[in-house]
Structure formats: C-alpha cells, structure tokens
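Below is one structure, written out as structure tokens; comments come after it.
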Amino acid sequence: GVKMVNMADVKTEITEGCHAPVLLPNGDGWHSAEILSIKEVNGKPLYYIHYEDYNKRLDEWVPDERMDLSKLEQPKKDVKTPIKKGEGTPVIPRAVNGGTSSRSSSPERDIYENGTMQSLGLSNSGAMKVNIGGGIGSFGGRKRKQEEDGDSQDVPSTPRQTGSMVAHHDDIITRMKNVNLIEFGQWQIKPWYFSPYPQELTCLPILYICEYCLKYLKSAKCLERHLAKCLYKHPPGNEIYRKDKISVFEIDGRKNKQYAQHLCLLAKLFLDHKTLYFDTDPFLFYCMCEQDTRGYHLVGFFSKEKESAEDFNVACILTLPPYQRKGYGKLLIEFSYELSKVEGKTGSPEKPLSDLGLLSYRSYWSQTILEILLNLKPNEAGERPCITINEISELTSIKKDDVISTLQHLNLINYYKGQYIITLSEEQIHTQERAMAKRPIRIDPKCLHWQSKDWSKRGKW
Ligand code: ACO
Ligand code: ZN
C-alpha cells in the first residue's frame, strides 16, 4: 500500500519504513515511530507503527490524525531491513500493559533505567569472603556508582539456538500482532505480539478461548456450546501445591499435548522472540491458578525443560495481563526456585530474558538475597556475620552468577582492607523491609507436594 499526501506542494510518499512522530496513546506527547504497514479501512488509511526504542508490544494501528506527517522522514536508503534498536531494549514506557499505567517514578523503573552492572572483576570463587556490616558508618550512606559498563544480561551477544527460546528474526508476518482481542474467562485481553493461531481466526474482532482447556473458538456462541460440554474445571495434571486460594498444577507436555500446545499459543501472544515449539514433549508446565466458587482460574505459568544441560529451571514464564503487577510473577519465580531446592540444584531462567522478565528476576533475586543477608547474625565474638557466595546460592538455589550479578547490580560489594564486604545502608534496609511487607503472598514450602524425577533414567519422556 502506497499513499500520497500533499504537503506544501510537494507530493510525499508514505511508505513502509518511513518515520514520523506519533501521538502516544497515553497522552504522553509525540514519539518517533516507524511505519511497518499500511492498510485502508473504509477509504481511510491506517498505519501500523512501531515506537522507536519502545517494546514492540506498544505497536499499533493509528489513523493519520495521530501522526505529524509534516515531519515525515523517508526510509533510510542504505539499510534494507533496519535493525530495530527498540526491540529488547529495556525501556519501560508509561503504559505497557495495554492501559495499566506504571508510574514512571517507581523505584524499579529507576533501578532499571539507571542501573548498570559493574564489572568488579570478581572471581566466582566460593572462597570469597563476604562480610556483612550493616552498621559500618563509613560505608553506610555510600552512593551508587554509575559506570558505563554494559549489562551482560540485557543484551546477549549471540542469540541462543537451543532450548525453547530461540531468537529469531522477525519476518513481515510475525512482526505484527495478528489477534485483535481475546476473551478469556471474565477478561478481555489485548494481545502484545504475534501468535500462530489459525489464520482464519485472526481476522475476527474477538478470539474466544476456554479458560479451562484453553481451546480457541471463533464466536461467543461456539464458546457457550463448548463450555456446556467442556470437562475441565482446572488444568490437567497433578495439583502439586495448594495454599489458600492458590494452586499449582504440573502438566507433562507429552501426556497433555493438546493443553500444552494451547497454552503455548496463548503464551506467545505475550512473549516476544519466541519460536513456538509444537513439540511440547520435553517440557513440564506449571500452571498457577486462583480458586473461586466457579473453578480454578489461570493466573500464569512457567515451562521447564525436563532435562536442562544448562541448569535452566524456567524456560518461559508468564503472568496473564489482568493479573500482572500484583506479585504473581515473583510468586511463580519463587515457586520455580522451590522446585530447584527440592531437586537440590541451583537454577537460572533461560536467556534471553524479556525486559519485564529481567525486571521481575532482578527484583526477586535482590529481595531474596537481601532477606538472607538481613537475617544473618553476628558470631559469638560479636564480629560481622560472614557468608560466601556459594552459601547464598545453596540457600536460595539461585545460580552463583545471578547472585554475583545481583550483588553488583545493587552495588553492595566494597573492597575494604583486603576483603570484600557487603555494606547495606539504613535506607537500603528500609527499602527492603518495605518491599517485603508489600509481598503478602509467598510460597509456603510445606504446601508443596512434589518429588523430582530423574528424566534421564526414563528412556523416553
Ligand atoms: N513496568 C515496570 N515494572 C514492572 C512491570 C511493568 N510493566 N511489570 C512488572 N514490573 C516489576 C514490578 O514492579 C515488580 O518489581 P517490584 O516488586 O520490585 O516493584 C517486578 O517487576 C515483578 O512484578 P510482579 O507483579 O511479581 O510480576 P508480574 O506478575 O507482573 O509478572 C512477568 C512479571 C511474568 C515478567 C510479566 O510481566 C509477563 O508475563 N510478561 C510477559 C511475558 C514475559 O516477558 N515473560 C518473561 C520472559 S523471560 C523468560 O521467560 C525466562
Ligand atoms: Zn474447555
């Protein structure tokens, strides 16, 4: 589709690849955007645009009234397929969850945008002594040092080609959202990304999904008929955890293939840079539900490889948008580490992490490690408590590299008189206490009924 506009006698071509300022949906002013596609609806052009430096989930169709076409820039000729800086970069604009606004002044945002991981040249040696001295005045109020060092976790140098999260290059089709809206239980949810639902269903205004078996249907009528005969009131598999209203079901991707595939299709709507595997056999799925009188409602899930050579304890993790920013993400993460504790292993999420994935993991790691540090008691001689990186890792099942990167990210490590010491300011302690008070739901290990299986001994999954 090519469209012409008349601007001061100059005929300018609006084509895919052009850039222009677009009015942000949340009233935050103009933002430079690239036109990815053009269509005509009722004789009026609509432009599918990507906001530069913002995550793709904000991409949308806009009419020309939302655009400042007097500032239109033609595509840069020398670059055939422009490399999108915005994809995967950790910029969190105001409204990322399709409307729920995250206040720009929130501390996590500050951490995220200002925080750079500093390479302190620490060895990973477990022998490294980490003293903790909460009350050392001279270090107490020390300011965070900001350095230019990149954060190795944000930008992987080469995309991984194994596991479930294979980085792929966007093509014309997968670059654009294809499902307008889904109806899921009591919710209507706007998808964030492309998901390979059958093409004939993607032109519908609403795609209906059974909240129990996750089957997709083309109309409200079909869903109604389906619900009358759907046998599910909760996910298949074993309920391995229950406390109060929260339950977790373990689903074997081989035994419940259809459910697992439907779950992956649904998840892909909110996960970018994922290649969907229809071979769900190598994965287990942990579905977290909230119970009420009508049944078990899916809140989120994570998948996990039955055998991971790289010690990944999570492949993909998702909180459904209506439940986001309420602590369920960290609850799922906490659950994944509880499983690792039962296995007697340390684990780490599969890379690359998404922007929100990194935020959530950072927050979980920080709070979990700080909780351990703050619970340390001085020894009998009244000396500073002492703990090694290895011990923190063993206590939490958080992989050693993640412990170190978290300590560095929090800028807690100082070198003092030949020793590495961790110093926490009063302010950091208060921030931690406030953050923990805001986390009312926690995983209660006593309510987990689960034994790990050695999948390597099972011949075939
Ligand atoms: N903007 C700013 N901060 C955010 C946002 C947001 N939109 N969403 C979450 N956070 C922060 C929260 O402030 C919180 O930190 P805090 O407690 O220190 O304030 C932290 O992230 C976790 O918040 P939760 O409420 O526990 O997490 P949530 O239920 O929202 O789930 C998740 C987080 C799973 C990443 C969710 O955003 C999601 O499903 N995103 C889409 C899929 C995705 O990106 N998954 C991760 C991919 S990486 C991987 O799979 C290994
Ligand atoms: Zn159903």
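The values are calculated or read from the model by the stated rules, or taken from the named source; none is laboratory data. Predicted model, so just to flag it, every value in this text is computed and none were measured. Cβ placement follows ideal geometry from the backbone for every residue including glycine, while neighbour counts extend to all protein chains displayed. Side chains are part of the model used for accessible areas, which takes the heavy atoms of the whole protein and leaves out ligands, DNA and RNA. Shrake-Rupley method; radii C 1.70, N 1.55, O 1.52, S 1.80 Å.
General observations
- Rounded to whole Hz, the Karplus (6.51, -1.76, 1.60) HN-Hα couplings of the stretch 279-290, x for glycine and proline: 8, 8, 3, x, 10, 10, 10, 10, 9, 9, 10, 10
- Counting only protein heavy atoms and a probe of 1.4 Å, the accessible surface of the stretch 177-232 is 56% carbon and sulfur.
- Residues with amide H under 5 Å from that of HIS297, placed H, sequence gap 5 or more: GLU290, GLN291, ASP292
- Restraint check, LYS190/LYS306; LYS400/LYS438; LYS221/LYS330, Cα-Cα greater than 29 Å: LYS190/LYS306; LYS221/LYS330
- Set of the stretch 373-399 residues, backbone N closer than 16 Å to the point 7 Å along the Cα-Cβ line of GLU310: 399
- Karplus-derived HN-Hα couplings along the stretch 308-321 (A = 6.51, B = -1.76, C = 1.60, θ = phi - 60°), whole Hz, x at Gly and Pro: 10, 5, 9, 6, 6, 9, 9, 8, 10, 9, 8, 10, 4, x
- Protection-proxy order for peptides 369-381, 219-231, each taking the mean of Cβ atoms within 10 Å per residue, highest first: 369-381, 219-231
- Note on the stretch 177-232: antiparallel DSSP beta bridges, both residues inside, total approximately 60 percent of the bridges counted.
- Kirkwood-Stokes translational diffusion coefficient of the stretch 18-66, alpha-carbon pairs, 37 °C, 0.692 mPa s, µm²/s: 301
- Kirkwood-Stokes translational diffusion coefficient of the stretch 177-232, alpha-carbon pairs, 25 °C, 0.890 mPa s, µm²/s: 215
- Model label sites at LYS243 and HIS430, defined 7 Å from Cα along the beta-carbon direction, differ in position by 3.0 nm.
- Packing-based order for 182-188, 291-297, using average beta carbon neighbours within 10 Å, highest first: 182-188, 291-297
- All distinct Cα pairs of the stretch 258-358 go into the 1/r average, and the inverse of that average, the Kirkwood radius, is 14.2 Å.
- Full extension of the chain between GLU16 and LYS326 gives 107.8 nm of extra length, using 0.36 nm per residue less the Cα-Cα distance.
- Mean accessible surface per residue for the stretch 177-232, computed with a 1.4 Å probe while every protein chain stays in place, in Å²: 54
- Shape category assigned to the stretch 363-435 from the gyration tensor of Cα positions, a/c cut at 1.5: rounded
- Normalised per residue, the accessible area of the stretch 292-355 is 33 Å², obtained with a 1.4 Å probe and no contribution from ligands, DNA or RNA.
- Vicinal HN-Hα couplings computed from phi for the stretch 235-245 (Karplus, 6.51 cos²θ - 1.76 cosθ + 1.60; Hz; Gly/Pro x): x, x, x, 9, 7, 9, 8, 8, 8, 6, 8
- Solvent exposure of the stretch 18-66 as accessible area per residue, Å², 1.4 Å probe: 40
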